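**Student:** Sharing a structure here in structure tokens format.
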Amino acid sequence: ARSRHHDVQGGRELAQRLHASTVALLEEAALPAQLSEQLLEDACSIGLSVGRMCSFARSLEVKLEIFGESICSRWHQDSYAGRAIVSYTGVTATEFVDHDDVDFYAMRNGGTNTDIIRPGCDVGHVDVGDILFMKGKHFPEGASGLVHKSPKVRYHPDGRVVGLRTTARTRRLRVSRA
């Protein structure tokens with residue numbers, strides 16, 4: 001994973017810093033040109049939106065992550081103020097559940113996924129390419145952090161992981177608490 005941090009204040013300056021640092025990240029990643037163009041456009045527009053929504057934050061981190069089997073497979077809440085995430089390949093993206101279906105004691109005290117969510121509850125998911133903004137545990141008001149996890153890893157018949165979770169998967173924008 002590669003990342004760059006930015007001061008959230010200053011709209012035009014933030015836009016310039018987002019663009020320059022995302023170009024640098026993409027040059028390091030050496031992805032195909034068309035994918036790099038899409039990632040650059042998304043990182044800049046989503047980064048500016050998150051910066052506006054979280055103007056209380058000290059910094060904004062833009063991150064390009066490539067996943068294989070190293071995923072967040074356990075139900076959890078982020079310890080950030082907020083995060084926007086886009087998955088570019090796979091079958092589905094981030095899964096989430098309603099707080100009424102969560103045993104928060106089990107989640108905070110090492111419970112397994114089957115301990116954490118109520119059997120038979122509705123598990124929602126974001127589609128590949130969708131933008132998901134999640135409030136984290138440190139968001140200053142409103143909801144107290146979406147309970148979520150990565151989707152189950154899927155494999156091709158030859159054993160390779162399906163989707164961008166192996167090759168060029170996600171870009172995350174994280175906002176630190178002020």
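**Student:** Give, in nm to one decimal, the length gained when the segment between A106 and D122 is fully stretched (0.36 nm per residue of separation minus the Cα-Cα distance). Numbers along the way, then the final one.
**Tutor:** Values: separation 16, 0.36 × 16 = 5.76 nm, distance 1.84 nm.
Result for the pair: 3.9 nm of gain on full extension.
**Student:** Roughly speaking, what is the stretch gain from T114 to A24, that is 0.36 nm per residue apart minus the C-alpha to C-alpha distance, in nm to one decimal? Please report the intermediate quantities before stating the final value.
**Tutor:** Values: separation 90, 0.36 × 90 = 32.40 nm, distance 4.13 nm.
Using 0.36 nm per residue and subtracting the Cα-Cα distance, I get 28.3 nm.
**Student:** Now, a different point. At 7 Å along Cα-to-Cβ for each site, give me the label-to-label distance between E141 and Q34 in nm.
**Tutor:** Computed distance between label sites E141 and Q34 equals 4.5 nm.
**Student:** Also, I was wondering about something else. At a Förster radius of 41 Å, what calculated FRET efficiency corresponds to the Cβ-Cβ distance of F133 and D158, to the nearest 0.05? Don't skip to the answer; put the middle values down first.
**Tutor:** Numbers: r = 36 Å, r/R0 = 0.88.
The value I calculate is 0.70.
**Student:** Which of the lysines could a cross-linker bridge to K137, judged by Cα under 21 Å and excluding same-chain residues fewer than eight apart?
**Tutor:** K63, K149
**Student:** When the solvent-accessible surface of protein heavy atoms is calculated with a 1.4 angstrom probe, in what order do S21, S55 fall, highest first?
**Tutor:** Numbers: S21 15, S55 70 Å².
Of S21, S55, the descending order of accessible area is S55, S21.
**Student:** To the nearest 0.05, what FRET efficiency results for H99 and F56 with a Förster distance of 22 Å applied to their C-beta separation?
**Tutor:** Details: r = 23 Å, r/R0 = 1.05.
With a Förster radius of 22 Å, E is 0.45.
The values are calculated or read from the model by the stated rules, or taken from the named source; none is laboratory data. Owing to the predicted nature of the structure, the values given are computational and were not obtained by experimental measurement. Cβ: placed from backbone, ideal geometry, glycine included. Neighbour counts: every protein chain shown. We work out accessible area using only protein heavy atoms, side chains counted, and drop any ligands, DNA or RNA first. Shrake-Rupley method; radii C 1.70, N 1.55, O 1.52, S 1.80 Å.
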